[in-house]
1. Hey, among the residues in region A:1-25 that are at the interface with chain B (Cβ under 10 Å from one of its Cβ atoms) and in a loop (DSSP other than H, G, I, E, B), which one's surrounded by the fewest Cβ atoms within 10 Å (Cβ to Cβ)?
2. Within region A:81-97, is there a residue that is surrounded by fewer than 16 Cβ atoms within 10 Å (Cβ to Cβ), out of contact with any Pro (no Cβ under 7 Å at 6 or more places or on another chain) and either within 16 Å of A:Val4 (Cβ to Cβ) or β-branched (Val, Ile, Thr) (or both)?
3. Checking B:Arg228 against (1) buried (at least 17 other Cβ atoms within 10 Å of the Cβ); (2) within 28 Å of B:Asp341 (Cα to Cα), which test does it fail?
4. Which of (1) under 19 Å from B:Arg62 (Cβ atoms); (2) out of contact with any Ser or Thr (no Cβ under 6 Å at 6 or more places or on another chain) does B:Tyr495 not meet, given it meets every other one?
5. For a quick check of your reading of the model, give me the residue pairs whose first member lies in region A:129-144 and is assigned by TED's automatic domain parsing to the domain that holds A:Lys96, whose second is surrounded by fewer than 14 Cβ atoms within 10 Å (Cβ to Cβ), with beta-carbon atoms closer than 8 Å and at least 6 apart or on different chains.
6. Does region B:137-153 hold any residues that are part of a loop (DSSP other than H, G, I, E, B) and away from chain A (no Cβ under 12 Å), and which are they?
7. Quick check on region B:291-310: of everything there that is over 18 Å from A:Ile60 (Cα atoms) and part of a helix (DSSP H, G or I), which residue is nearest to the other protein chains (Cβ to nearest Cβ)?
8. Taking the condition of being among the hydroxyl-bearing types (Ser, Thr, Tyr) and more than 12 Å from B:Arg62 (Cβ to Cβ), how many residues in region B:381-429 meet it?
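The values are calculated or read from the model by the stated rules, or taken from the named source; none is laboratory data. Nothing here was measured: the structure is a model prediction, and the numbers come from that model. Glycine also receives a Cβ, built like all others from the backbone with ideal geometry; neighbour counts cover every protein chain displayed.
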Amino acid sequence: MRHVIALLIENESGALSRVSGLFSARGYNIESLTVAPTEDASLSRMTIVTTGSDDIIEQITKQLNKLVDVVKVVDISESAHVERELMLIKVRATGKDREEMKRMADIFRGRIIDATDSSYIIELTGNQTKLDSFIGAIDTTLILETVRSGIVGIGRGDRILKL
Amino acid sequence: MVLTGAEIVIRCLQEEKVDYVFGYPGGAVLFIYDALFQQEKVRHILVRHEQAAIHAADAYARSTETVGVALVTSGPGATNAVTGIATAYCDSIPMVIISGQVPTAAIGQDAFQEVDTVGITRPCVKHNFLVKDPADIAVTIKKAFHLAKTGRPGPVLVDIPKDVSAQSAEYHYPKSVEMRSYNPVVKGHQGQIKKALKLLLEAKRPMIYTGGGVILSDAAAPLTKLVRKLGMPITNTLMGLGGYPATDKQYLGMPGMHGTYEANMSMHFSDVLLAIGARFDDRVIGDPAHFAAEPRKIIHIDIDPSSISKRVKVDVPIVGDVKEVLEELARLLDESKHEQDTASLATWWKQIDEWRSRDCMKYKNSDEIIKPQYVVEKLWEVTGGDAFITSDVGQHQMWAAQYYKFDKPRRWLNSGGLGTMGVGMPYAMGAQLAHPDAQVACVTGEASIQMNIQELSTCKQFRLPIKICNLNNRYLGMVRQWQELFHGGRYSESYMDSLPDFAKLAEAYGHIGIRVDRPADVEGALREAFSRKNDLVFLDFQIDQTENVYPMVQGGKGLTEMILSAEDL
Ligand SMILES: Cc1ncc(C[n+]2csc(CCOP(=O)(O)OP(=O)(O)O)c2C)c(N)n1
Ligand SMILES: [Mg+2]
């Protein structure tokens, strides 16, 4: 099962390697991991997308909680939540492909943020499936480069991950 | 008050009432050694290899209720320390290790004797720090001690660059530290403890299984009281020996791979299993699927939530300090009006006594050749069962655990988790320093002892009168046993040729060495050794080369599938 784990961690050097080291040492999967400071610069927030049986996910959250620098851990995928990912995709845009690419970007509510004679950079946000479907919808031979941020996630409504 | 970083380090150790630091100097820690030189409160034990410094400090902690402290230099000093740190980590031993680092400006430049100590040790410490400012040293060391001894204990490393120890800063030692990210649970959940008690009292075939957590939280006394009151059978793991008196009739011996028949059968066929500060290790329960196949309710008390339901599913988890929880459990038992099912318990004991009557620990003694079990039995007699016993790793370790009956906690020091050969002598050093008047014996093998043999020199310098009982079978015995049983008797590299004359070797270091060849001389040699209160005596027992450790549950097998003796094969 796919899980999205959000955590707050002391914003100190080495914090990221403690988390990633834990995953590799214990053989847990990381599908994506994002990290950045919060509004309180002494804290960082991570979103980790992982897969595993219930037992493994239970161990992952327990082991994360055990790390001395980790302040809080929540499996946000256990209840209503929102996930977003940012993708920047550079595509070849010449001749009739140029019009078509623009049309596809519009359909997926993407924005063209850079254009040359022969290429576009399209910015797209959404959940993982939306970004995947965009890639599926365009002619893949036109893709020059893609970069994805990995997922960030947040619980809906009253579910708040804070100190 | 303004002090140098090095002076601050030593001041902090004084504040923490550290008696001994075990260490080895080098370039990156010269300022710290200089500060050490100019005071008398903290004494330094100069080992002969950094690994031994960590082990000795670890043993100091194991045999007392304090935090062990070690000091090593950067680069090779730190890498030599890693085995010791990992050993302490696997057994949750509270320690603070201070390592020197190259100057801040040189970090990352592949400087002389630079390694990424924080990176290398990260997976084998509870936590570690790199201190970049002398003003941060005091609070960091305070945090290190706090982390080491609270919650699930463990080693904490503080890496200090040379310039940081040389520069000055205002010194102030905080009385306490708050860490918003670290708040271990201490008290167990009341409702859960009540549930556990009810289950226990209603149990028809209860069994209590305790591990190192009982020793670490100093819970042997409340445990013993509670277990006696409940009248239930109990087993202590390799890490938990001495948690309950081994000579008591409710004690069934050790469980697991080389545990007793009665302990393993009772674990397996219990209907309620109370696990305390233990972790259902593969060496204890064998194949987890086989173990889970027999229905039983499990209550698990542990300070570390991640130890609960990790290898077996637990019905009543109780997170908290073992001692606190046991005291609460005892209090609730006193108040409880719930009747215990004593009739079923009596029937259960009848079954257990039947298992016991197999007398699985009996061995064939000999007049001709020394049996290792006999040596340990005599060691127990000669020391009145009251010594600190350390061991290395191998067959001798199992014989020591099986035949020395530990009645008190913190008397048995061994590397249970990592299984590190070479801990035996440094462990004895740490225990002897912590208990100068106590009898301390190291039960070892001719292979293990050679992994830190250089420490005979440290023992001479600091006059440590430990007794080394070398169960010399001229084999990497435990390896040989597995090769005999599981690899068709192909003894690949398990025979060690060209062994030294250990008695002479001990003499060369200025100690007394005695070689013992005949069973009739075993007791006399032991008495002679322990009568020499001020001398280190190295007893080199030439034992039966082919003796194996039984009973045995093979790796991957279930607890009830035991080989009781060689005749079972
Ligand atoms: C550092 C280290 N290397 C290798 C091993 C694997 N090992 C476990 S027991 C053993 C043999 C130990 O021989 P000895 O000390 O003579 O003890 P015996 O089993 O003969 O009593 C070995 C090599 C280990 N536990 N630790
Ligand atoms: Mg041997």
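1. Per the criteria, the residue is A:Ser13.
2. Looking through region A:81-97, at least one residue is surrounded by fewer than 16 Cβ atoms within 10 Å (Cβ to Cβ), out of contact with any Pro (no Cβ under 7 Å at 6 or more places or on another chain) and either within 16 Å of A:Val4 (Cβ to Cβ) or β-branched (Val, Ile, Thr) (or both).
3. (1)
4. Unmet for B:Tyr495, out of (1) under 19 Å from B:Arg62 (Cβ atoms); (2) out of contact with any Ser or Thr (no Cβ under 6 Å at 6 or more places or on another chain): (1).
5. From residues that are assigned by TED's automatic domain parsing to the domain that holds A:Lys96, the pairs are A:Ile135/A:Ile143; A:Ala137/A:Ile107.
6. B:Pro153
7. B:Ala292
8. The number of residues fulfilling the criteria is 5.
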